[in-house]
Every structure is written in C-alpha cells, then in structure tokens.
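> Let me begin by handing over the structure; questions about it come next.
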Amino acid sequence: MRTSFLILWFLPCLAYGAHLPEPRAVPEVFAATNAEVTNLVEQLYSSDVNKAASGDVTLNLQYLASSSQTGSGTDYASQKLFSYVNEAKLFARPTFSRFIALLNNYVETTGTAESVPTAEITEQNAFVDEVFKTSIFSLLSNFLVSKGYYTSSTSFKDDLKMMWFGLFTRTKGPLDSSGFEHIFLGEIHGGKISGFHNWIRFYLLEKEGKLNYLSYSADGPWTNYPDVYGFQFKWSNYLKSIGSMFIGSSPEFDLAVFTLCYVTRPDSVCTVTMGGKTLKIQTYTWANTTYGNGKRYVASTYPIV
C-alpha cells in the first residue's frame, strides 16, 4: 500500500514537469551540542571585562507597555531612557571606540547603494582586529575551530568580516545593506525601523535628539549587565514597536554571542543561558545572495523578548 502511494505521488511530478522536493538535511546532532553552546555563552558572559559596571549605566524605564500598546507609537515616556552613561570610562575602551567609529559609515534608508571607501574598510578592519584581541573572541575562535566550523582563527576572522560586513540588497536593487548595519545600527526600510539591536547606538542617537524613547515592554531577569530589554521608540519619526537589545554589554560580547548562534544555529532559535538564566537568540540568514562557496550573509539576529 505504501509503495503504491509513492508511485501515485511520483507520476504527476513527471507528467507535469514538477520538481521533486530537494532532500532536506535536518541534522539530529549538531557539530556543537546545546550544552556546549550554552557553556560557551556562560564563559563569554563572565569574560566580558569591558561591559558596564552597575554604576556605569542608569536607565529611566518609566512606562511598561502592554502587548496591545507596543505598536501604537504612543509616547508614554516624557524623559529619555538613558539618564546616565559613563562615556569617559566605557567609550575610551578600544572596542567601544572602534565600534563607535563605524556608526557614521552607513546610509540610514534602504534603496540607496552603500559606498565603502578605503577609509571605511580600514575602520572595519580596525574594529575586527580589536575584538579579536579580547578574551571573548579567543574563546569563541578556539571553540569554532575545535568543533570544525573553521580550520583556523584566521579563516574564522576572514569569514566574520564577510558574513557581517558583506553587502547585499534588501530592495532588489543596489547593494544597500549588511548584517552589521541592520543589527547594530538599524535601517529605515518599508516605512519603519528595521533591525536596530544595539544599546550604544540607541544611547548616542537619543543623546543627539534623533531618537525618542516611548516605553519598554520587556525586562530580562538579570540584575547586572549585560541585561536584555524590549523597547518602543521612534527614530526620524519611524517606529520600532519592539526593539530588543542587550544593555551594558561590550560590542565584542554582542558580536560574539550573535556570531556563535548564527554559525551554530542558523535560521533558528539558539537557546542559551547567561548567569544561569535562559536567553533565546533568533538568527536569520540572507537566502537571496551568497558569498564564497555558497555561504550566507547575516540577515538578522537578536534576543527574543
């Protein structure tokens, strides 16, 4: 009976020229187990020596929005989110300063080709070089090489540059986006804010008067930094109904956790812990274009709140 069913299913595909579905590889055992990925994130969490201390960042959360209020665009907060950030301490650290230097290199709105002059490539390389000096990236690099994702730290470093900074188009036109821009800076796409999952970027735009904090909808269980929140805000009058991000983390921590989950759990939910408390990271690959031998750029990745 089962054989007859398979034949009947197969014949119409031949008759009408339909393509049989490609075999789908669904590995039951990842190269890196869930326990190994979780253990590494705990190590990254405890090794983030550049993160904010308890007095380095002060938030003024004000209003907790319900699920029915997050998309309204209503301003429930009369004051800024960030009451204080110890810029003199945090932003003087090399990975912070190298990261901040990248923030003026991108066009905010999709549909316009990104220009990448030599000076900007130099800034990208300087940032990547700096994060690779940290213990966080030593841990990450050693892990990915040991599990067979890369043959060496150098090959990982080269691939990281491509997956994060390689350009692709979100508008079926010019090369107008990258994973780094989308996640760490945010973009105006389709009449709303797309991406934007970084607290440093949020703070600097709010300080400049270009971003208006509206409310928060999620507060993670952590009592020190890094913590995880979900915010509502407007940037250039465009709305982000739920923008999730780490708060108080270093740039290398964000990049390392996102990269780890992206490489080991692409297009899925990566469940880990920080300080024993559960954290879920969603990852998406960019499926429309590839680089190298069929590798995919980072489309998006962020904490789930």
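> Of all residues in the stretch 250-298, which are among the hydroxyl-bearing types (Ser, Thr, Tyr) and part of a strand (DSSP E or B)?
Passing the criteria: Thr271, Thr273, Thr278, Thr283, Tyr284, Thr285, Thr289, Thr290, Tyr291, Tyr297.
> Looking at (1) loosely packed, with under 15 Cβ neighbours inside 10 Å; (2) over 30 Å from Lys192 (Cβ atoms), find the lone condition where Ala113 falls short.
Condition not satisfied by Ala113: (2).
> What about Val305, is it more than 20 Å from Thr169 (Cα to Cα), open to solvent by 60 Å² or more (accessible area, probe 1.4 Å) and not in a strand (DSSP E or B)?
Yes: the conditions hold for Val305.
> Next up: What strands (runs of 3 or more DSSP E) lie completely within the stretch 197-248 and have 1 or more residues being of a type in the set (Gly, Ala, Ser) and open to solvent by 20 Å² or more (accessible area, probe 1.4 Å)? Outline the logic, then answer.
Working: elements: 211-219, 227-235, 238-247.
Here the list reads 211-219, 238-247.
> Could you pull out every one of the helices (runs of 4 or more DSSP H) wholly within the stretch 105-182 that has 3 or more residues that are among the β-branched types (Val, Ile, Thr)?
On the way: elements: 118-131, 135-146, 153-165.
By residue number, 118-131.
> Test each condition in (1) touching a Ser or Thr at 6+ places or on another chain (Cβ under 9 Å); (2) touching a residue at least 40 places away in the same chain (Cβ under 8 Å) for Gln124 and report the one that comes out false.
Here Gln124 meets the rest and fails (1).
> Taking the stretch 101-121, which residues are under 20 Å from the mean Cα position of the chain (by Cα) and touching a residue at least 12 places away in the same chain (Cβ under 8 Å)?
Across the stretch 101-121, the qualifying residues are Ala101, Leu102, Leu103, Asn105, Tyr106, Val107, Glu108, Thr109, Thr110, Glu114.
Each row is one residue, and each column tells you yes or no for (1) more than 18 Å from Tyr229 (Cα to Cα); (2) not charged (D, E, K, R).
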| residue | (1), (2) |
| --- | --- |
| Gly71 | no, yes |
| Ala77 | no, yes |
| Asn86 | yes, yes |
| Pro94 | yes, yes |
| Phe99 | yes, yes |
| Glu108 | yes, no |
| Pro117 | yes, yes |
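> Would the stretch 43-59 turn up any residue that is under 18 Å from Leu239 (Cα atoms) and either open to solvent by less than 60 Å² (accessible area, probe 1.4 Å) or at pLDDT 95 or above (or both)?
No.
> Can you give me the number of residues within the stretch 170-196 that are open to solvent by 30 Å² or more (accessible area, probe 1.4 Å) and either modelled with pLDDT under 95 or not hydrophobic (A, V, I, L, M, F, W, C) (or both)?
9
> I'm checking my understanding of the structure. Among residues of the stretch 200-254 that are among the β-branched types (Val, Ile, Thr) and in contact with a helix residue (DSSP H, G or I) (Cβ under 8 Å, 6 or more places away or on another chain), which one is farthest from Glu108 (Cα to Cα)?
At the first step, the residues of the stretch 200-254 found to be among the β-branched types (Val, Ile, Thr) are 200, 223, 228, 242, 247.
Remaining after also requiring in contact with a helix residue (DSSP H, G or I) (Cβ under 8 Å, 6 or more places away or on another chain): 200, 247.
Numbers: Ile200: 16, Ile247: 22 Å.
My answer is Ile247.
> So, of the residues in the stretch 262-283 that are over 15 Å from Phe180 (Cα atoms) and under 10 Å from the mean Cα position of the chain (by Cα), which turns out to be least open to solvent (accessible area, probe 1.4 Å)?
If we take residues in the stretch 262-283 being over 15 Å from Phe180 (Cα atoms) and under 10 Å from the mean Cα position of the chain (by Cα), then Ile281 is least open to solvent (accessible area, probe 1.4 Å).
> If I ask for residues that are open to solvent by 60 Å² or more (accessible area, probe 1.4 Å), in a loop (DSSP other than H, G, I, E, B) and farther than 26 Å from Gly166 by Cα, which ones from the stretch 80-104 would you list? Outline the logic, then answer.
Just the residues of the stretch 80-104 that are open to solvent by 60 Å² or more (accessible area, probe 1.4 Å), to begin with: 80, 83-84, 88-89, 92, 94, 98, 104.
Subsequent filtering for residues that are in a loop (DSSP other than H, G, I, E, B) retains 80, 92, 104.
Lys80, Ala92 - these are the residues of the stretch 80-104 that are open to solvent by 60 Å² or more (accessible area, probe 1.4 Å), in a loop (DSSP other than H, G, I, E, B) and farther than 26 Å from Gly166 by Cα.
> With at positive phi and either of a type in the set (Phe, Trp, Tyr) or touching a residue at least 40 places away in the same chain (Cβ under 8 Å) (or both) as the only criterion, which of Phe196, Phe233, Phe202 stands out?
Being at positive phi and either of a type in the set (Phe, Trp, Tyr) or touching a residue at least 40 places away in the same chain (Cβ under 8 Å) (or both) holds for just one of Phe196, Phe233, Phe202, which is Phe196.
> May I ask you to say which residue of Thr38, Thr70 is at pLDDT 95 or above, farther than 30 Å from Leu139 by Cα and under 23 Å from the mean Cα position of the chain (by Cα)?
Thr70
> Sticking with this structure for a sec: Show the residue pairs that are 6+ apart or on different chains and have beta-carbon atoms under 8 Å apart, the first residue being within the stretch 284-295 and open to solvent by 50 Å² or more (accessible area, probe 1.4 Å), the second being assigned to a strand (DSSP E or B) and hydroxyl-bearing (Ser, Thr, Tyr).
Pairs found: Tyr284/Ser300; Tyr284/Thr301; Thr289/Tyr297; Thr290/Tyr297.
The values are calculated or read from the model by the stated rules, or taken from the named source; none is laboratory data. Computed from a prediction, not measured in an experiment: that's the story for all the values here. Note that we place each Cβ from the backbone using ideal geometry, even for glycine, and neighbour counts take in every protein chain shown. These area figures cover heavy atoms from the full protein model, side chains too; ligands, DNA and RNA do not enter into them. Shrake-Rupley method; radii C 1.70, N 1.55, O 1.52, S 1.80 Å.
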